[in-house]
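Right, one structure below, let's go through it.
The values are calculated or read from the model by the stated rules, or taken from the named source; none is laboratory data. Because the structure is predicted, anything quoted here is derived from the model rather than measured. Because the Cβ atoms are built from the backbone with ideal geometry, glycine has one as well, and the counts that use them run over all protein chains shown. The area values use the complete protein model at the heavy-atom level, side chains included, leaving out ligands, DNA and RNA. Shrake-Rupley method; radii C 1.70, N 1.55, O 1.52, S 1.80 Å.
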Protein chains: 2
Amino acid sequence: MLIGGLAKATGTKVNTIRFYEDIGLMPEPERTAAGQRTYTERDVKRLAFIRQARKLGFSIEEARSLLELKNTPNGSCDKAGDIAKQHLLSVEDRLTRLEALRAELENVVVSCTGGDVSDCKIIETLSQSRPKSVSAKPKRRSHAFSSL
Amino acid sequence: MLIGGLAKATGTKVNTIRFYEDIGLMPEPERTAAGQRTYTERDVKRLAFIRQARKLGFSIEEARSLLELKNTPNGSCDKAGDIAKQHLLSVEDRLTRLEALRAELENVVVSCTGGDVSDCKIIETLSQSRPKSVSAKPKRRSHAFSSL
DNA sequence: GCTAGCACCTCCAGTGGCTGTAGAGGCAAG
DNA sequence: CTTGCCTCTACAGCCACTGGAGGTGCTAGC
């Protein structure tokens, strides 16, 4: 199976597969005489696992850890549970922030009655130093959830 | 007022101010003889506006548009309303996805009873091709909401 | 034998919105 | 004159890819 086949089998872009190989998430595969990568059913499973983890919002590093755990059959399940719990917490945190944001935006949107810019509530709200509080200082930002 | 003063007055990092200048979101300020940037109260207001828009999740390009509208006093408020409405829609979309994700993660987390990896439900779920459906194909991804 | 049309290859730049660092120069107080 | 901040420019890094340039390899049809 060539890279295009693996891509189709897992719904992954070809470039993404090569990227995973670059960062060591997928192993370097055998090559044909012409230098083309060849994959096995093992690779399909591994990549499917990774994609599933990514869809659930786990970072690549978390996916890497989960894969390691998967391939350590005599290990305990606790670590996987910890990773998932931690991740759930961060999802819940995001949800809270996003809900607060929606509430603020709803206020803003409703207040726009289509008049002149000079008395536009949207512009006005943005001009105020603190319309309510969206709570600053996240200290660290994670880029993991951009598409959600 | 030097750049550090503007930074404090608006709660923005110095590097961020220079970054905004680079991308033309903040105007190039006057300089002292020694080449240091000097700012006025106008700049404080403009930057505060930008930061407020960013806190509400507007992208930099949206902030740029809102600023333009703000400085066009004879214009209509409708465009600002459109930008805000569009933005609210995308926030609601994110919320929906994130809630679905939370539900899936809760299932996964609860199912982990701390046994051996070989019968770990988390690993098992990730190994399945489709545990439920997280609805694929976002077609375009926006990186706007990483911190939310 | 020639050409078209693929799939594959490597390498690199770009996305968004900053953040952090290096190395140099400036400026006021002690 | 030194100390300790400030400021300057310029550039690398974050995340998880994506897309493109420019090339090779292979097969099918004329």
Exercise. Tally time: how many residues in segment A:47-60 are more than 7 Å from every other protein chain (Cβ to nearest Cβ) and more than 11 Å from the chain's Cα centre (by Cα)?
Worked result: 2
Problem set entry | Test: B:ARG46 is in contact with a Pro (Cβ under 9 Å, 6 or more places away or on another chain) and either under 23 Å from A:LEU98 (Cα atoms) or open to solvent by less than 20 Å² (accessible area, probe 1.4 Å) (or both) | no
Problem set entry | Matching option when the condition is open to solvent by 20 Å² or more (accessible area, probe 1.4 Å), more than 7 Å from chain B (Cβ to nearest Cβ) and under 27 Å from B:LEU89 (Cβ atoms), among A:SER118, A:SER65, A:SER111 | A:SER111
For this session: Check segment B:28-36 and report whether any residue there is crowded, with 20+ Cβ neighbours inside 10 Å and of a type outside the set (S, T, N, Q).
Result: no
Exercise. Under 29 Å from the mean Cα position of the chain (by Cα), crowded, with 16+ Cβ neighbours inside 10 Å and not in a loop (DSSP other than H, G, I, E, B): does that describe A:ALA100?
Worked result: no
Exercise. Somewhere in segment A:10-21, is a residue assigned to a helix (DSSP H, G or I), within 11 Å of another protein chain (Cβ to nearest Cβ), surrounded by 17 or more Cβ atoms within 10 Å (Cβ to Cβ) and within 14 Å of DNA strand C (Cβ to nearest atom)?
Worked result: yes
For this session: Give the residue that is most open to solvent (accessible area, probe 1.4 Å), with candidates limited to residues of segment A:52-62 that are in a helix (DSSP H, G or I) and within 8 Å of DNA strand D (Cβ to nearest atom).
Result: A:GLU61
Problem set entry | Index of the failed condition, B:PRO138 passing every other in (1) exposed (fewer than 14 other Cβ atoms within 10 Å of the Cβ); (2) at pLDDT 90 or above; (3) facing chain A (nearest Cβ under 7 Å) | (2)
Seminar exercise, completed: For segment A:79-96, pairs from a residue that is more than 7 Å from chain B (Cβ to nearest Cβ) to a residue that is of a type in the set (S, T, N, Q) and part of a helix (DSSP H, G or I), with Cβ under 8 Å and 6 or more apart or across chains, are A:LYS79/A:SER65; A:ILE83/A:SER65
Problem set entry | Pairs where the first residue, in segment B:1-23, is farther than 19 Å from B:GLN52 by Cβ and the second is open to solvent by 60 Å² or more (accessible area, probe 1.4 Å) and within 10 Å of DNA strand C (Cβ to nearest atom), C-beta under 9 Å, 6+ apart | B:LEU2/B:GLN36; B:ILE3/B:ARG18; B:ILE3/B:GLN36
